[in-house]
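Notes follow once the structure below has been shown.
Readers should treat all values here as calculations from the given coordinates under stated rules, not as data from a laboratory. Because the structure is a prediction, the values reported are computed rather than measured. We place every Cβ from the backbone using ideal geometry, glycine too, and count neighbours over all the protein chains shown.
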Amino acid sequence: MLNIENLHASIGDTKILKGLSLQINAGEIHAIMGPNGAGKSTLGYVLGGRPGYEATEGSASFDGQDLLDMDPHARAAAGLFLGFQYPVEIPGVSNVQFLREAVNAQRTARGEATLSGGEFLKAAREKAALLKMDMDMMKRAVNVGFSGGEKKRNEMVQMGLIDPKLAILDETDSGLDIDALRTVGAGINTIMRKPDKAVLLITHYQRLLELVEPDFVHVLANGRIVKTGGPELALQLENEGYEAIAEAA
Amino acid sequence: MNALTLPTRRDESWRYSDLQSVERVWADLDPAQTLHVPADSHERLRVDALPESGILRYDVTVEANARFDLHCLLMDRDYGRVEIAVKLGDGAHFELGGAILAKGSQVLEIVTDVEHVEPNGTSNQTVRSVLADKSTGSFLGKIGVARDAQRTDAAQSVKSMLLDRGATANAVPQLEIFADDVKCAHGATVGELDRQALFYMATRGLPPEVARGLMLQAFIADAFIGIDDDAAREALEGKARDGLENLR
Ligand SMILES: Nc1ncnc2c1ncn2[C@@H]1O[C@H](COP(=O)(O)OP(=O)(O)OP(=O)(O)O)[C@@H](O)[C@H]1O
Ligand SMILES: [Mg+2]
């Protein structure tokens, strides 16, 4: 589904990704862990197409299409979802309006019929309930005045409504209380654990990985994947820290 | 017929105007329209289009405990100006919500002169401008508080969004306060669309022009939020939405 080969990327003159390769197939859940500043968020942004994040070498293809050649909104319509480490506030634009426009823009881009107001609201109610988010919050401006945890939960409501093929979730677990983490973990499983979908979880914590069990765990350090293993690698990291493992690699 | 002499650049309230355009229409300009809001009443004026001349002028007296609301949308003129002088009685309120949408080399401006003559008066002015190309959007807001006008509360919020480097926003507050128990709040900002938000919206599948449109509509909506009649507010918002689409 996602095939990244020898990807190099820079922000301005600073090289951040230095030869990163990663393959994710349909039906798989991958986790990326790694020290602060390793380039995990950068990887998400480059794949999402954030302006200023330039791929200088290598390739990334998504379902056979050259991902790096597509506009950000076209990547979304093709089925890529990026859950933000720091979700952005959009003053004056309600969640409901934002998401209805987004879902319908994607459907239009794919040549599907748009959802009516009623159809959309029904789906929104369902996903908000799944993530235990109050419908009143759906009527508020996107992320404005939301707590850190509420923003993360809102990311998952958005993912549920958009129903992507591949979700890259950047520290969606950070800032969630214990109950919310369980809700979000269950939400990710319900929405994304399907044979034709895949997930890339970026996280610092083992706890999320107990709820959403990964097939592969990767260590990203210094702009590259330096080690890959199964779920046991996450446990080893928790016990031994990155330094020992990154150095041994 | 207009008996007043043609303004010049030295007239404070015309300093950003397009005086050539003013000169063309000056002789035939209607005098300022005089409005009188009786005590304890509430009157509303909505301007969704400018006249051929581009210039609208009002002179309003708001009696004790009465209220006057002006909501206006300025667009579609090479030169456009809404000018209003308001005198507020005891406990009277003036509400202004103004939106300016300009492109090309258009010059659009809102000029207010609010006199708090008696105590307990309040005024609240909100202006939002979206300026493209080499256009100019200006707000000149004079607030006078007479010696006896204690407990006056006057607020101005002016925000401009520049879509292009060549566009210009002017926000000029002018305070003349002769009472001591007075609250006057003025805030003015000039900004561009938040790139982070645009990228965030793109990752949800919104094409750039749709994302931009949503953010600009939300920005302009501040100017019309105070309209108490839902249908009227939606009509003005709809006109603004069309205007925003025409900026590109
Ligand atoms: N605009 C920028 N200009 C230059 N360097 C930047 C810029 N933005 C980020 N960086 C640098 O890129 C590196 C990678 O940042 P990134 O956010 O990808 O790290 P991360 O692995 O997600 O870390 P964390 O675990 O703290 O979230 C960091 O050293 C950071 O300082
Ligand atoms: Mg990060």
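When Cβ neighbours within 10 Å are restricted to other protein chains, what is their mean count per residue of peptide B:205-217? Please report the intermediate quantities before stating the final value.
On the way: counts 23, 10, 10, 3, 0, 5, 8, 0, 1, 9, 4, 1, 3.
So the per-residue partner count for this stretch is 6.
Can you give the charge dipole size of chain B about its Cα centre, rounded to the nearest 20 debye, using +1 on the beta carbon of Lys and Arg and -1 on the beta carbon of Asp and Glu?
960
How many partner chain Cβ atoms sit within 10 Å of a residue's Cβ in peptide B:218-230, on average, as a whole number?
For this peptide, the per-residue mean of nearby foreign Cβ atoms is 1.
Where the centre of each part is set by its Cα atoms, how far does region A:201-239 sit from region A:84-121, in angstrom?
32
With both bridge residues required to lie in the protein assembly as shown, what share of the DSSP beta bridges run antiparallel, to the nearest 5%?
Details: 25 of 129 bridges.
Approximately 20 percent, going by the DSSP bridge assignments.
Suppose only helical runs count, i.e. DSSP H with n ≥ 4. What mean residue ellipticity at 222 nm does that imply for the protein assembly as shown under -39500 (n - 2.57) per run, divided by all residues and rounded to the nearest 500 deg cm²/dmol?
Estimated from H runs of four or more residues: -9500 deg cm²/dmol.
Based on DSSP, what percent of beta bridges with both residues in chain A are antiparallel, to the nearest 5? Present the calculation step by step, with values, prior to reporting the outcome.
Values: 25 of 42 bridges.
Just about 60 percent of them are antiparallel.
May I ask you to list the trypsin sites (Lys or Arg not before Pro) in region B:72-161 that are in a DSSP loop and have at most 10 other Cβ atoms within 10 Å of their Cβ?
B:Arg147
How much FRET efficiency would the formula 1/(1 + (r/R0)^6) give for A:Arg110 and B:Arg9, where r is the Cβ-Cβ distance and R0 is 56 Å, rounded to 0.05?
About 0.50, to the nearest 0.05.
Kindly flag which residue pairs out of A:Lys40/A:Lys132; B:Lys103/B:Lys239; A:Lys15/A:Lys152; A:Lys139/A:Lys197; A:Lys127/A:Lys165; A:Lys151/A:Lys227 have an alpha-carbon separation exceeding 23 Å in this structure.
A:Lys40/A:Lys132; A:Lys15/A:Lys152; A:Lys139/A:Lys197; A:Lys151/A:Lys227
What lysines could a cross-link reach from B:Lys142, if we take a straight Cα to Cα line under 24 Å and drop same-chain neighbours fewer than 8 places away?
B:Lys87, B:Lys159, B:Lys183
Considering the options B:Leu193, B:His36, A:Leu7, tell which one lies farthest towards the positive end of the dipole of the protein assembly as shown, charges being +1 on Lys and Arg and -1 on Asp and Glu at the Cβ, about the Cα centre.
A:Leu7
Report the FRET efficiency, 1/(1 + (r/R0)^6), for A:Lys122 and B:Asn246, where r is their Cβ-Cβ distance and R0 is 45 Å, rounded to 0.05.
0.80
Taking the Cα centre of each part, how many Å lie between region B:183-248 and region B:100-137?
16
First measure r as the distance between the Cβ atoms of A:Asp69 and B:Asp228, then evaluate 1/(1 + (r/R0)^6) with R0 = 35 Å and state the FRET efficiency to the nearest 0.05. Don't jump to the answer; show the numbers that get you there.
Values: r = 51 Å, r/R0 = 1.45.
Computed FRET efficiency for A:Asp69 and B:Asp228 comes out at 0.10.
How big is the dipole moment of region A:27-162 about its Cα centre under a simple scheme where the beta carbon of each Lys and Arg is +1, that of each Asp and Glu is -1, and everything else is neutral? Debye, nearest 20, please.
Result for region A:27-162 is approximately 580 debye, rounded to the nearest 20.
Note the full-extension length gain between B:Val172 and B:Thr34 as 0.36 nm times their separation in residues minus their Cα-Cα distance, in nm to one decimal.
47.2 nm
How high is the relative contact order of region B:12-192, given as a whole-number percent (alpha carbon pairs under 8 Å, six or more residues apart)?
16
Mind ordering A:46-52, B:51-57 by average Cβ neighbours within 10 Å, highest first?
A:46-52, B:51-57
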